[in-house]
Amino acid sequence: MITVKNLKKRFGNNVVLDGIDIHVNEGEVLAIIGPSGSGKSTLLRCLNLLEKPEEGIIQIAGTKVDARKMNSKAIYQLRQQTAMVFQHYNLFKNKTALENVTESLIIAKKMKKSEAEKIGKELLEKVGLKDKFHQYPATLSGGQQQRVGIARALAVNPSAILFDEPTSALDPEWVSEVLQVMKEIAEQKSTMIIVTHEMQFAEEVADRVIFMADGNIVEENTPYEIFNRPQSPRTQQFLKKIG
Ligand code: ADP
Ligand code: MG
């Protein structure tokens, strides 16, 4: 479903992605862990071309883009393949939960409002927000806002969902309900890449885990191996520090 080859990104002289290779099968969950500044967010942002890599090939579902020969059509097509869930939700503050979810369906997908609302309500119900359709983000808890963010990502029916530390801005009391929703989505065989500091969750839900440092993939393995028998000293050191 997702293949990334030799992805390179720099900001000025700072090499942030130093030739990343990734493969994610359909229905698979890939967790990415690693210290702050290792390039995890930039990697996700390159996958939907919110950042432009200098080099590399990104293929998601049927769309393949070579960073050296990008055109606006390829960029548009690749962006259609994924949806992102952000650390800080990025909801429209002046729109209700339902409007946040239906916005892209009505504007980008040109869907009729009634049809979009039907889908939006189903998705909000799926993330446990059946009674919050018409509330504004400010009246929702952090956990509820992030669940709206997840429903919004699901709305466009993406080939893969990219999560960038979806629980790290939440008060501890709201973390588990968001992880639970993500777990349910994973169980429905969605293709997901999840950048997270929730190691227990990664161990439980991911099919594979990548440890990144300094723009490189240091180690990739099953969750069991990564968390119980990390091979690289850098991985060992990282896990010891956060554990
Ligand atoms: P992580 O998500 O693993 O914490 P990031 O991908 O956010 O790491 O950042 C990796 C590196 O890229 C950091 O050194 C960061 O300062 C740098 N960086 C990220 N975004 C930008 C940007 N827009 N401009 C300049 N440098 C950036
Ligand atoms: Mg980040």
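The values are calculated or read from the model by the stated rules, or taken from the named source; none is laboratory data. Here the structure is a predicted model, which means the values were calculated and not measured. Cβ placement follows ideal geometry from the backbone for every residue including glycine, while neighbour counts extend to all protein chains displayed. Only protein heavy atoms, including side chains, enter the accessible area calculation; ligands, DNA and RNA are left aside. Shrake-Rupley method; radii C 1.70, N 1.55, O 1.52, S 1.80 Å.
Compute the angle between helix 72-81 and the longest alpha-carbon principal axis of the chain, please, reported from 0 to 90 degrees and rounded to the nearest 10.
Here the helix axis deviates by roughly 80 degrees.
Net charge within 10 Å of N100 by Cβ-Cβ distance, Lys/Arg positive one each and Asp/Glu negative one each, not counting N100 itself? Write out the running numbers ahead of the final one.
Details: positive: K93, K95, R152; negative: E99, E103.
Result for the local shell: +1.
Where does each of 186-192, 35-41 land if you order them by average Cβ count within 10 Å, highest first? Numbers along the way, then the final one.
Working: 186-192: 16.6, 35-41: 18.1.
Listed from highest to lowest mean packing, they are 35-41, 186-192.
Given N residues in the chain, what is Rg(Cα) / (2.2 N^0.38 Å)?
Relative to the rule-of-thumb radius for its length, the chain sits at 1.01.
Taking a threshold of 18 Å on the Cα-Cα distance, which of the pairs K9/K40; K73/K189; K8/K189; K8/K240; K69/K110 fall above it? List each step's numbers first, then the result.
Working: K9/K40 12 Å; K73/K189 29 Å; K8/K189 29 Å; K8/K240 29 Å; K69/K110 29 Å.
Result: K73/K189; K8/K189; K8/K240; K69/K110 exceed 18 Å.
Please list D66, D18, D131 in order of solvent-accessible area, largest first, computed with a 1.4 Å probe with all protein chains present.
The residues order as D131, D18, D66, largest area first.
Under a no-solvent Debye model with one identical scatterer per Cα of region 80-200, what's log10 I(q)/I(0) at q = 0.10 Å⁻¹?
The computed values of log10 I(q)/I(0) come out as -0.26.
Report, to the nearest 10°, how far helix 97-107 tilts away from the longest principal axis of the Cα atoms in the chain, using its own Cα long axis and a range of 0 to 90°.
Between helix and principal axis, roughly 80 degrees.
Report the convex hull volume per residue for region 91-157, counting only C-alpha atoms, in Å³.
Given the Cα convex hull of region 91-157, per-residue volume reads 70 Å³.
I want to check the label-to-label distance for A108 and Q236. Put each point 7 Å from Cα in the C-beta direction and report it in nm to one decimal.
4.4 nm
Would you mind computing, in nm to one decimal, how far apart the modelled labels at E204 and E225 are, each placed 7 Å from Cα along Cα→Cβ?
For E204 paired with E225, the spin-label model returns 2.4 nm.
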